[in-house]
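Here the structure comes first, spelled out in structure tokens, and everything after it is commentary.
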Amino acid sequence: MQLRAFDAAKADSKLGVSALVALSSSLLKRSVRGGPIVIAEINLGGSIEPIHNPVRLVEIAAEEGANPILMPVTCRKLLFDLSDDTTIKVGAQFYQDARDALLKAVAE
């Protein structure tokens with residue numbers, strides 16, 4: 001597991017959904033599929049925070065060879081500006097909440 005702060009301040013003041021998925025899968029003793037990137041932050045109340053510039057995050061993930069990219073469903077309309085080549089390379093999967101992200105990230 002690799003955690004990176006993509007915000008400019010790199011304050012690490014919120015828990016990333018990826019960290020929550022990693023910790024939860026460990027408690028459940030289930031492996032996370034190889035290669036996915038989980039994008040988003042979750043606040044203390046359990047709500048998923050909005051992602052600023054998801055197109056750039058998907059482009060970075062595609063350059064690193066990540067597949068699939070798990071992101072909140074609220075980003076779906078914002079990915080309209082994604083290039084055709086990147087769209088083909090990346091298998092974007094959308095989740096509604098942290099539980100849905102965990103279910104999509106764990107190995108079958």
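Derivation of every value follows stated rules applied to the coordinates shown; laboratory data play no part. Computed from a predicted structure; not experimentally measured. Cβ atoms come from the backbone with ideal geometry, glycine included; neighbour counts cover every protein chain shown.
Quick notes on this one:
- Here the chain is treated as a Stokes sphere of Kirkwood radius computed over C-alpha pairs; at 37 °C and 0.692 mPa s its diffusion coefficient rounds to 232 µm²/s.
- Spatially, the stretch 20-38 and the stretch 43-75 are offset by 16 Å when compared through their Cα centroids.
- When +1 charges are put on Lys and Arg Cβ atoms and -1 charges on Asp and Glu Cβ atoms, the dipole computed for the stretch 45-108 relative to its Cα centre reaches about 200 debye.
- Of all DSSP-defined beta bridges confined to the chain, some 40% are antiparallel rather than parallel.
- Amide H contacts under 5 Å for residue 90, placed H, 5+ residues apart: none
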